[in-house]
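The values are calculated or read from the model by the stated rules, or taken from the named source; none is laboratory data. It should be emphasised that the depicted structure is a prediction, and the values quoted were computed from it without experimental measurement. Here the Cβ is made from the backbone with ideal geometry for all residues, glycine too, and neighbour counts use every protein chain on show. The accessibility values were calculated without ligands, DNA or RNA, using every heavy atom of the protein model including side chains. Shrake-Rupley method; radii C 1.70, N 1.55, O 1.52, S 1.80 Å.
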Amino acid sequence: MDSADHTGRREWHFSQALRPGFWRREYLMRYRIETDAILTMDDEFRVFRPGQLTWEDGTIVSVGPVADDASPVDQVIHVAGGVLLPGFYNGHNHAAMTLFRGLADDSPIFEWLEKHIWPVEAKLTPEDIYIGTLLAAVEMIKSGTVGYADMYFEMDAVAKATVESGLRGWLSRGLIGQDDGDDDKLNNAIAFANRWKENPLITPMLGPHAPYTCSPKFLERVAESAKTHQLGIHIHLSESLDEVVQIRNQFGVTPIQLAAQTGLFENRTLIAHGVHIEPEDIPFLKTIEGGVISCPVSNAKLGNGIMPYNLLQQAGIAVGLGTDGAASTNSLDMFLEMKAMAWMQKVRERKPESFQAQTALMLATRGSARVLGFSGGILESGRPADFIVVDNTAPYMTPDIDTTANLVYAATGNDVLYTIVNGQILLAEGMLTTLDERAIRMEVQNRVARLLSI
């Protein structure tokens, strides 16, 4: 492939980029990438124009002005017109649900689950889930996601696809359980965690689905198991008003309060959605290790509402961003989630200044990483080499008056040129280096035809 397109903006010749294994770290040990701008997302929100980032063996060595690091490297990559920033951590996903993209759109949440999603899910094989996760990985890598938190089943298939793609995964087997003491699924989830906990890309978690599918006694057993095995917890809480009403009627408390009473919050807990968190819930969340992942597109599409970001922010509770599964969002593009988060918070507060573009970008990067207990999301020496480069030359990115505003309000996942995870280049000039997109798409089409057949 030629190194320059019709705009003439490319400076680096990468004709061998698709050779199998070319980008893997065993070939080149130290890299430097130079771009027009680098957004560090550190506490001072430093920006270098132009800038360089040097990395080796999965870790950032240096970041700063181009002249800052003159140490020898094995490869220098120049990306004219590029903006480099931390990659996105998708804090809540059901990756294999790419298989259900477009199924029963515009249905109410419980009708959507009970009449459409769950019956088809019952037909899924581990191979289906593996292929569906690969399709999600293609989409995430191409749109700048470097890691994701997933809750589903047949998690060995999910982990296999995640590692093959090169992404990071915080993976939990979705659990539904009642008071009968039948803990086969919980024991299987713990066994999965033990099988994968040593893999550098995989962080196992426990995934009790929600308080309307798990009894308090079962949640207590999950909490105890998480503490015993030092695992985090991933759970849906206060996603819909129907859920809140149901839990209040049944137990006399909110879903957040019920989760706290069962001991879940004594472990690192990722709360998915949190749309209907109320002021009375805040005392139960103030000491939580973890936080809340907002999925604004899913919450809007399913008519569930808008998460009260200001309430959580003022209480010092960590907040990040996620997409939810493609069955409810249709897209796994975190750029879209940033836009939606900003727009909806402005609508909620009725003040355009109430939520800034910089805040949206922080939530998608270091915000989600903080909820996950991970040190990514900031570009500085010693941090994980998880970052992306975005094309800043498109007409809708011009003029470059405010780079952050352009990234949040104008850019899309299609503008991502490079995605680097743990030091491995997974996307180079828009080309995948670990996955065969065409073969995966064809296999998905064939499998979905079977799943939806009567």
- Query: By how many nm would the segment from ALA410 to ASP106 lengthen if fully extended, with 0.36 nm per residue of separation less the alpha-carbon distance?
  - Reply: 106.8 nm
- Query: Do the sum for the chain: with -39,500 (n - 2.57) for every DSSP H run of n ≥ 4, divided by all residues, what is the mean residue ellipticity at 222 nm, to the nearest 500 deg cm²/dmol?
  - Reply: -9000 deg cm²/dmol
- Message: Can you compute the FRET efficiency between MET29 and LYS197 using 1/(1 + (r/R0)^6), with r the Cβ-Cβ distance and R0 = 35 Å? Round to the nearest 0.05.
- Response: 0.85
- Note on the structure: In nanometres, the difference between 0.36 nm per residue of separation and the alpha-carbon distance of ALA122 and ILE176 is 18.0 nm
- When only Cα pairs under 8 Å and 6 or more residues apart are kept, what is the percent relative contact order across the stretch 88-372? 20 percent
- Taking Cα atoms of the chain, Rg/Rh with Kirkwood Rh, to two decimals? 0.96
- First compute the accessible area of the chain with a 1.4 Å probe, then give the percent of it belonging to carbon and sulfur atoms. 50 percent
- Task: May I ask you to order 286-292, 357-363 by the average number of other C-beta atoms within 10 Å around their residues, highest value first?
- Result: 357-363, 286-292
- Query: Charges only on Cβ, +1 for Lys and Arg, -1 for Asp and Glu: so what's the dipole of the stretch 88-372 about the Cα centre, in debye to the nearest 20?
  - Reply: 880 debye
- Per residue, accessible area of the chain with a 1.4 Å probe, heavy atoms of protein chains only, in Å², comes to 39 Å²
- Using the per-residue mean of other Cβ atoms lying within 10 Å as a proxy for protection, in what order, highest first, do the peptides 422-430, 367-375, 313-321, 101-109 fall? 367-375, 422-430, 313-321, 101-109
- Tilt of helix 241-251 relative to the longest C-alpha principal axis of the chain, in degrees (0 to 90, nearest 10)? 40 degrees
- Item | For a label point 7 Å along the Cα-to-beta-carbon line of GLU114, residues of the stretch 242-281 with backbone N under 17 Å | 242-250
- Task: At 0.36 nm per residue, minus the direct Cα-Cα distance, what do SER215 and SER375 gain on full extension? Give it in nm, one decimal, please.
- Result: 54.2 nm
- Query: Share of antiparallel DSSP beta bridges in the stretch 88-372, in percent to the nearest 5?
  - Reply: 0 percent
- Rounded to the nearest 10 degrees, what's the angle between the helix 184-196 long axis and the longest principal axis of the chain, both from Cα atoms, 0 to 90? 20 degrees
- Starting from the Cα of ASN310, move 7 Å in the Cα-to-Cβ direction to define the label point; list residues of the stretch 352-369 whose amide nitrogen is under 14 Å from there. 352-356
- Rounded to the nearest 0.05, FRET efficiency between ASP436 and THR228 (Cβ-Cβ, R0 45 Å) equals 0.65
- Query: Taking a quarter of the surface of the convex hull around the Cα atoms of the stretch 79-173, what do you get in nm²?
  - Reply: 7.3 nm²
- Which angle between 0 and 90 degrees, to the nearest 10, do you get for helix 216-229 versus the longest principal axis of the chain when only C-alpha atoms count? 40 degrees
